[in-house]
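The values are calculated or read from the model by the stated rules, or taken from the named source; none is laboratory data. These numbers come from a predicted model, not from an experiment. Positions of Cβ are generated from backbone atoms using ideal geometry, with glycine treated the same way; all protein chains shown enter the neighbour counts.
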Amino acid sequence: MIIRLDLEPIYSDEWLAEQEGKYFDETYYNHIIREDTDVYCGDKLLLKFRKGVLPKEECSVVFNNLKRHASIQKDNRGSAAGLLDITKAPKYVNSFNKVSKYNSKGYYNKDGLLINNTISNLSPSNIIGFFDRPDRNLGKNAPKCRLTSFTKTHFNKWTECIPYFISCDKIFKELIYDKWLKQYNRSRLTDFYIDDTSFSTITCNLNFRTALHKDSGDYIDGFGVISVVEDGIYEGGYLGLLKYGIAVDIRTTDLLLFDPHEFHSNTETIGENYSRLSFVCYLRENMIKCKDISILEELSLLNFLKDNN
């Protein structure tokens with residue numbers, strides 16, 4: 001049986017915007033979803049959650065292949081990484097420059113030099129697949145779009161993970177066909193998509209409690225597709241839509257489809273010696289602009305290797 005919930009907003013968009021970058025515990029949520037559920041606000045679909053729909057074998061493959069990559073600390077998650085805190089900055093940062101709530105528009109290194117890279121708090125969150133922003137480590141001549149480093153340098157692990165993301169996409173297609181079709185057709189206007197899916201990019205997080213934020217840069221008419229693969233025993237880590245007082249307990253083999261343009265965050269995760277690996281599958285809005293010859297050559301080589309693997 002599929003439960004249907006029809007909810008009204010609890011908090012205003014203005015108030016939520018003021019809370020961006022902050023954390024919210026379970027007391028803010030009237031509903032914790034643990035069963036097959038569809039949630040609406042009027043005619044607007046907020047989420048669809050399904051238990052036990054992903055193959056266990058594929059879950060094991062992605063856990064083993066992507067746990068280490070997800071654990072690498074990055075400084076580019078913006079408000080999702082919380083309000084800016086010097087104690088959570090990379091070790092090479094001495095002080096911030098032009099500080100906002102959750103970003104620093106540049107920083108001073110230990111030698112006192114101003115580095116013009118925008119940074120936020122460190123977080124165990126990394127991408128695989130394709131990305132529609134240049135690699136800032138390559139300077140001004142970097143291609144506007146790129147294959148992620150994991151996709152190129154860990155090719156065998158990448159290809160072993162693809163069936164899992166195909167399974168996620170098939171369920172997306174079955175449950176919200178209209179959203180899936182728009183996203184799939186949009187993805188085919190560029191060469192940069194993951195196999196036969198509507199995704200260009202996967203964000204991998206390890207034990208990462210996100211602060212209140214909206215996703216940015218993904219296809220505006222698409223939908224967020226989230227799954228979790230875990231090891232050990234823990235409680236919490238719920239993905240919450242604060243505006244509606246609802247959160248979801250996603251576990252191994254479950255799949256959540258939700259509107260990532262609503263403010264969302266995670267509750268605290270409590271446990272010892274556990275690993276909670278989450279995957280966010282989506283289509284980057286600006287992949288359609290990726291026409292750089294060098295990245296097309298890289299993609300051709302990648303496809304050749306996959307076809308002949």
Which members of region 233-265 meet the condition of being touching a Leu at 6+ places or on another chain (Cβ under 9 Å) and free of Cβ contacts under 8 Å to residues at least 60 places away in the same chain?
Leu239, His264
Identify the single condition in (1) at pLDDT below 95; (2) surrounded by fewer than 17 Cβ atoms within 10 Å (Cβ to Cβ); (3) closer than 25 Å to Phe263 by Cα; (4) among the charged types (D, E, K, R) that Arg77 does not satisfy, given that it satisfies every other one.
(2)
Can you tell me which of (1) in contact with a helix residue (DSSP H, G or I) (Cβ under 6 Å, 6 or more places away or on another chain); (2) of a type outside the set (A, V, I, L, M); (3) at pLDDT 90 or above is the one Cys145 doesn't meet?
(3)
Only unsatisfied item for Glu160, checking (1) at pLDDT 95 or above; (2) in contact with a Ser or Thr (Cβ under 6 Å, 6 or more places away or on another chain), is (2)
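If you check Glu58 against the conditions, is it assigned to a helix (DSSP H, G or I) and under 30 Å from Met1 (Cα atoms)?
yes
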Scanning region 147-182 for residues that are over 17 Å from the mean Cα position of the chain (by Cα) and not in a helix (DSSP H, G or I), the one surrounded by the most Cβ atoms within 10 Å (Cβ to Cβ) turns out to be Ile176
Across region 3-45, which residue is surrounded by the fewest Cβ atoms within 10 Å (Cβ to Cβ) among those that are closer than 21 Å to Arg251 by Cβ and touching a Lys or Arg at 6+ places or on another chain (Cβ under 9 Å)?
Glu35
Is one or more of the residues making up region 183-195 in contact with a strand residue (DSSP E or B) (Cβ under 7 Å, 6 or more places away or on another chain), buried (at least 20 other Cβ atoms within 10 Å of the Cβ) and of a type outside the set (Asp, Glu)?
yes
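Okay, residues lined up against (1) in a strand (DSSP E or B); (2) farther than 24 Å from Thr148 by Cβ:
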{"position": "Thr87", "(1), (2)": "no, yes"}
{"position": "Lys101", "(1), (2)": "no, yes"}
{"position": "Gly106", "(1), (2)": "yes, yes"}
{"position": "Asp111", "(1), (2)": "no, yes"}
{"position": "Thr118", "(1), (2)": "yes, no"}
{"position": "Asn121", "(1), (2)": "no, no"}
{"position": "Ser125", "(1), (2)": "yes, no"}
{"position": "Phe130", "(1), (2)": "yes, no"}
So which pairs qualify, if the first residue must be in region 163-190 and in the same structural domain as Leu46 (by TED's automatic domain parsing) and within 14 Å of Gly224 (Cβ to Cβ), the second must be modelled with pLDDT of 95 or more and surrounded by fewer than 19 Cβ atoms within 10 Å (Cβ to Cβ), the Cβ gap must be under 6 Å, and the two must be at least 6 apart or on different chains?
Ile171/Val53; Trp180/Lys173
Cys41 fails exactly one of (1) at pLDDT below 95; (2) in contact with a helix residue (DSSP H, G or I) (Cβ under 8 Å, 6 or more places away or on another chain); (3) more than 28 Å from Ile127 (Cα to Cα); (4) not polar (S, T, N, Q), namely (1)
Residue match in region 118-126 (condition: more than 19 Å from the chain's Cα centre (by Cα), in contact (Cβ under 8 Å) with a residue 12 or more places away in the chain, surrounded by fewer than 20 Cβ atoms within 10 Å (Cβ to Cβ) and farther than 29 Å from Leu242 by Cα):
no
Over region 45-78, the set of residues under 19 Å from Pro9 (Cα atoms) and free of Cβ contacts under 8 Å to residues at least 12 places away in the same chain is none
Applying the selection to region 215-252, what residues are at pLDDT 95 or above, assigned to a loop (DSSP other than H, G, I, E, B) and either surrounded by fewer than 18 Cβ atoms within 10 Å (Cβ to Cβ) or not assigned by TED's automatic domain parsing to the domain that holds Lys67 (or both)?
Gly245, Arg251, Thr252
